[in-house]
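Inspection log for the structure reproduced underneath, given as structure tokens.
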Amino acid sequence: MGFTVALVLLLLPFLGSPLMIPQAAAQDTACAQPAPVEPPRAPDSLIPLRQIATGKGMRVAVIDTGVSRHPELDQLAPGKDFVTPDEPNPLWDCDGHGTIVAGIIASTTLGVAPDAQIISIRQSSAHFRQRRDEPQDEDAPLAAGTMATLTDAIHDAVDHRAHVINISLVSCVEPALAARVDTRGLAHALRRAEESGALVIAAAGNATSTCPPGSTVYPALFPTVVAVGARADSYTMADYSLPHQRIVSAPGTAPVGLSLTGQGWSHGVAGAHGAVTPFTGTSFATPVVSGTAALLRQRYPKATPAQLREILYASADPNGGAIDPFTALTHVPPWAAERVDERPPLRVRPVTSQQSPTPQRSITVALGLVLAGLICLAGYGLRSLTTSPRQREP
């Protein structure tokens, strides 16, 4: 009896409290206006990388705000649209966030994996999210950008046989409320992705008023997900990048990105009086790692997600986990080295005598020629003796 009462008292704060379905969305700007910029030139650093791998044959699902059609994305395919499911258009990006992310992964000019196919799964939009926040708007679309739609989006990525799943969005929950969040569906979707061979890469999150330090951040919290933080430079993490128990990192600022208009490039979000807000955040560090993962999967087509994570963690810089695509691609893990050792040894064919006569044979041939010459001389002398005229008798 005493044990039962104690158990009830322990669970009393949670009894009658429904499980939460928290928001899961990109930390972006609603219907952003791009600030145009001249087309960039591919940096020389991409040349040695693309000589090894380009992501050819790899499918990268981008769960985001949609991806606009763009000449730089010549292998773009639609997934599902969880924002406007009644009128689906996953290849339309009002916010610009997903288009920039996709360009970092696979744009022809600047993409880490330019030959990878992008599968656009539209799960979030700041524009529609704001409309839902107005309770008086009865015509607002059904809720999207939640952990439930994120779960469905991961399943859709698996259904499209994605090799890599990029999630540049977060679901932030206060630690005190984390116990009320039902993560079973999300955990199942991530487990299905792992079993299908898809590696999930997710943003660590930006510190904001709605996602303060100490927040529980999904899906980056899960052990099978590679959490990606943002770096301010080569040596320091960005001050807005939320920490995680195990994390890798990449540059948090994209100097330029694909324009959501479907043409050209932009160097930020245009504001009032000519102000430009640069593309900054863990959202834009994440696709650098996703593109790297696509290259690794191309190089090691039979590698499991766990083995790809091993390469990323082992090749990352010890100070902050900085990921360099070329370093990761040229890192040889122990299991790959063993496969090399198992290959049959090379067989070296002996050089034939016709190709390179030996000194011994040369001597033999020379002696044979000398002997033949002596025989000829001897025969000539003998012939001379037998054919000379006889002297007359007196």
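The values are calculated or read from the model by the stated rules, or taken from the named source; none is laboratory data. Model, not experiment: these values are computed from the prediction. Reconstructed Cβ throughout: ideal geometry from the backbone, glycine too, with neighbour counts over all protein chains shown.
Note down all Cβ pairs under 7 Å where the first residue falls in region 207-227 and is within 24 Å of ARG184 (Cα to Cα), the second is of a type in the set (Ser, Thr, Tyr) and part of a loop (DSSP other than H, G, I, E, B), and they're at least six residues apart or on different chains.
Short answer, once both residue conditions are applied: TYR218/THR183.
Name the single residue, out of those in region 272-293 being surrounded by fewer than 17 Cβ atoms within 10 Å (Cβ to Cβ) and of a type outside the set (S, T, N, Q), that is nearest to VAL60 (Cα to Cα).
Step by step, filter region 272-293, then rank; the result is PRO278.
If you go through region 156-168 one residue at a time, do you hit one that is part of a helix (DSSP H, G or I) and over 22 Å from the mean Cα position of the chain (by Cα)? So that I can check it myself, show each step before the final result.
The initial filter retains those residues of region 156-168 that are part of a helix (DSSP H, G or I), namely 156-159.
Pick out the ones that are also over 22 Å from the mean Cα position of the chain (by Cα) and you get none.
Checked against the condition, which is being part of a helix (DSSP H, G or I) and over 22 Å from the mean Cα position of the chain (by Cα), region 156-168 yields no hits at all.
Of the conditions (1) loosely packed, with under 13 Cβ neighbours inside 10 Å; (2) more than 21 Å from the chain's Cα centre (by Cα), ARG246 clears all except one; give me its number.
ARG246 satisfies all of (1) loosely packed, with under 13 Cβ neighbours inside 10 Å; (2) more than 21 Å from the chain's Cα centre (by Cα) except (2).
Going by what's in this entry, would PRO219 be described as crowded, with 22+ Cβ neighbours inside 10 Å and within 24 Å of GLN307 (Cα to Cα)? Full working, then the answer.
Values: crowded, with 22+ Cβ neighbours inside 10 Å: yes; within 24 Å of GLN307 (Cα to Cα): yes.
Considered against the rule, which asks whether it is crowded, with 22+ Cβ neighbours inside 10 Å and within 24 Å of GLN307 (Cα to Cα), PRO219 comes out as yes.
Can you tell me which residues in region 65-113 are touching a strand residue (DSSP E or B) at 6+ places or on another chain (Cβ under 9 Å) and small (Gly, Ala, Ser)?
The answer is GLY66, SER68, ALA77, GLY79, GLY96, GLY98, ALA102, GLY103, ALA106, SER107, ALA113.
What residue, among those in region 104-133 that are assigned to a loop (DSSP other than H, G, I, E, B) and under 22 Å from ASP81 (Cβ atoms), is modelled with the highest pLDDT?
Filtering first and then ranking leaves ALA116.
For region 194-211, which residues satisfy the criterion of being out of contact with any Pro (no Cβ under 8 Å at 6 or more places or on another chain) and either in a helix (DSSP H, G or I) or more than 20 Å from VAL164 (Cβ to Cβ) (or both)?
If the condition is that a residue be out of contact with any Pro (no Cβ under 8 Å at 6 or more places or on another chain) and either in a helix (DSSP H, G or I) or more than 20 Å from VAL164 (Cβ to Cβ) (or both), then GLU195, SER196, ASN206, THR208, SER209, THR210, CYS211 are the ones that fit.
Please determine, by comparing only the residues of region 159-185 that are buried (at least 20 other Cβ atoms within 10 Å of the Cβ) and of a type in the set (A, V, I, L, M), which one is nearest to LEU296 (Cα to Cα). Break it down into steps so the answer makes sense when it comes.
Going through region 159-185, the residues buried (at least 20 other Cβ atoms within 10 Å of the Cβ) turn out to be 162-173, 183.
Next, from what is left, pick out any that are of a type in the set (A, V, I, L, M): 162, 164-165, 167, 169-170, 173.
Values: ALA162: 14, VAL164: 10, ILE165: 14, ILE167: 18, LEU169: 23, VAL170: 25, VAL173: 33 Å.
Going through the qualifying residues, I end up with VAL164.
Exactly one of these conditions fails for ILE201: (1) crowded, with 22+ Cβ neighbours inside 10 Å; (2) touching a Lys or Arg at 6+ places or on another chain (Cβ under 9 Å). Give me its number.
Here ILE201 meets the rest and fails (2).
Restrict the check to region 354-367 and report whether at least one residue is of a type in the set (Ser, Thr, Tyr), at pLDDT below 60 and part of a loop (DSSP other than H, G, I, E, B).
yes
Residues checked against (1) within 14 Å of ILE118 (Cα to Cα); (2) assigned to a loop (DSSP other than H, G, I, E, B); (3) at pLDDT 95 or above; (4) not acidic (Asp, Glu):
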position: THR54; (1), (2), (3), (4): yes, yes, yes, yes
position: GLY57; (1), (2), (3), (4): yes, yes, yes, yes
position: ARG69; (1), (2), (3), (4): yes, yes, yes, yes
position: LEU73; (1), (2), (3), (4): yes, yes, yes, yes
position: PRO78; (1), (2), (3), (4): yes, no, yes, yes
position: PRO88; (1), (2), (3), (4): no, yes, yes, yes
position: LEU91; (1), (2), (3), (4): yes, yes, yes, yes
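Run down LEU296, LEU260 and say which single residue is surrounded by 21 or more Cβ atoms within 10 Å (Cβ to Cβ) and either at pLDDT below 95 or more than 23 Å from the chain's Cα centre (by Cα) (or both).
Answer to the selection: LEU260.
Considering each of GLY229, GLY185 in turn, give the residue that is not hydrophobic (A, V, I, L, M, F, W, C) and not in a strand (DSSP E or B).
Just one listed residue meets the conditions, GLY185.
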